[in-house]
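Structure first, commentary second.
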Amino acid sequence: MSDDLILEAEGVCKHFGRLQVLHGVDLHLRRGEALGVVGPNGAGKTTLFGVLAGTLPASRGSVRFDGQNIDTWDASRRCRAGLARTHQVPRPFLGLSVHENTLVAAQHGAGLRGHEAERAVQDSLLRCGLGGLAGRPAASLGLMDRKRLELARALATQPRVLLLDEIGGGLTEAELATLSALVGSLRDEGLTVVWIEHVLHALLKVVDRLVCMDAGTVLAQGDPQAVMSDPRVVEAYLGGVPA
């Protein structure tokens, strides 16, 4: 494989009992690339993220990170190596402050300590517009700020690849524009991003390449506009109505 590739999935299958959710998925991610992943509900997108991040074992197939097979690595080891993810529904520790939540990520996700951990926390909170809310209890945050905190915690682990799972869901147009601009700036700074998102106009402003999944397989991939105009994508994802 090319030295430009940082994350690769080869023939990934995932079964839950008799239910097969992923059917031989191949995914190749280049350094510094922003890759969008779209598809109808039930397409297997979040399950794929679980396999990539190490929270779900693949039933068959393999995952490579920076040229190394990581099939036996758990989620903690993958995170410390630079592979971080967010979740569709933010999962802060509600009894902790914004600062404390992010510090947990820096210490346990990246293994940072002391001034190094505090620097990672401050940088990620400022990056996500949460500098003024560091002392606030996470339980008091609204949805937008919980989304920001979810992203800040991921950034505090100092990732090389960031997996974003529907971070735009439930936001207003103005909030979505702010968050999309933030993701775009992270890409511009060289962070490699994979973003699952149903809000297409936000996604298409940021990503360099697009993958469409359906029923656990990759239906189409490549240039975002070409993928969205692919007849198979139009039928499976857009209900026969072109984007």
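Can you pull the percent of the stretch 76-192's accessible area that's carbon plus sulfur, 1.4 Å probe, other chains left in place? Walk me through the numbers before you get to the answer.
Details: 2650 of 5020 Å².
Answer for the stretch 76-192 is 53 percent, counting heavy atoms of protein chains only.
Between Val37 and residues 5 or more places away or on another chain, which pairs have amide H atoms under 5 Å apart, with H built 1.01 Å from N, and which residues are they?
Sorted by chain and number, the residues that satisfy this are Trp195, Ile196, Glu197, Val211.
How big is the Cα convex hull of the stretch 123-181 in projection, averaged over all directions, in nm²?
On the way: hull surface 17.0 nm².
With every direction weighted equally, the projected area is 4.2 nm².
Expressed in nm to one decimal, what extension gain is obtained for the pair Asp66 and Arg136 from 0.36 nm per residue of sequence separation less their Cα-Cα distance? Write down the numbers at each step before the final one.
Numbers: separation 70, 0.36 × 70 = 25.20 nm, distance 3.73 nm.
Answer, rounded to one decimal: 21.5 nm.
Pop the C-beta distance of Ser76 and Ala215 into the FRET formula with R0 = 35 Å and round what comes out to the nearest 0.05.
Numbers: r = 31 Å, r/R0 = 0.89.
Using R0 = 35 Å, I get an efficiency of 0.65.
Hey, what's the stretch 166-221 come to in accessible area per residue, 1.4 Å probe, Å²? Don't skip to the end; give the middle numbers.
Working: 2050 Å² over 56 residues.
In whole numbers, the stretch 166-221 has 37 Å² accessible per residue.
What distance in nm lies between label points placed 7 Å from Cα along the C-beta direction at Asn41 and Cys13?
Placing both labels 7 Å along Cα→Cβ, they lie 2.8 nm apart.
Of all the Cα-Cα pairs you can form in the stretch 181-233, what percent are over 16 Å apart?
On the way: 578 of 1378 pairs.
Of all Cα-Cα pairs in the stretch 181-233, 42 percent lie more than 16 Å apart.
Work out which helices of the chain, taken as complete DSSP H runs, extend at least 15 Å along their axis over the Cα atoms and score a mean Kyte-Doolittle of -1.0 or more, then list them.
Working: long enough: 114-127 (20 Å, -0.86); 143-156 (19 Å, -0.14); 173-188 (22 Å, 0.44).
Those that pass (Cα extent of 15 Å or more, hydropathy at least -1.0) are 114-127, 143-156, 173-188.
Relative contact order for the chain: what percent, with Cα pairs under 8 Å and sequence separation of 6 or more?
Numbers: 484 pairs, mean separation 61.9, N = 243.
Relative CO of the chain lands at 25 percent.
What number, rounded to the nearest 500 deg cm²/dmol, is the helix-based mean residue ellipticity at 222 nm of the chain, given -39500 (n - 2.57) per DSSP H run of at least four residues and division by all its residues?
Numbers: 9 runs with 83 residues, N = 243.
Estimated from H runs of four or more residues: -9500 deg cm²/dmol.
Given R₀ = 51 Å, FRET efficiency for Leu94-Ser229 by Cβ-Cβ distance, to 0.05?
Numbers: r = 44 Å, r/R0 = 0.85.
Approximately 0.70, to the nearest 0.05.
From the phi angles alone, apply the Karplus equation (6.51, -1.76, 1.60; θ = phi - 60°) to the stretch 128-141 and give each ³J(HN,Hα) in whole Hz, x where the residue is Gly or Pro.
Along the stretch 128-141, the couplings run 9, x, 10, x, x, 10, 4, x, 6, x, 4, 5, 8, 7 Hz.
What does the convex hull of the Cα atoms of the chain come to per residue, in Å³, rounded to a whole number? Don't jump to the answer; show the numbers that get you there.
On the way: hull volume 30.4 nm³, N = 243.
Dividing the Cα hull volume of the chain by its residues yields 125 Å³.
Which ³J(HN,Hα) values, rounded to whole Hz and listed in residue order, are derived for the stretch 21-37 from phi using the Karplus coefficients 6.51, -1.76 and 1.60 in 6.51 cos²θ - 1.76 cosθ + 1.60 with θ = phi - 60°, glycine and proline given as x?
Calculated HN-Hα couplings, in order: 9, 10, 10, x, 7, 10, 9, 10, 10, 8, 4, x, 8, 10, 10, x, 10 Hz.
The values are calculated or read from the model by the stated rules, or taken from the named source; none is laboratory data. Note that the structure is a prediction, hence the values are computed from the model and not measured. Quick reminder, even Gly has a Cβ in these numbers, built from the backbone with ideal geometry, and neighbours come from all protein chains shown. Surface accessibility is based on the protein's heavy atoms, side chains included, excluding ligands, DNA and RNA. Shrake-Rupley method; radii C 1.70, N 1.55, O 1.52, S 1.80 Å.
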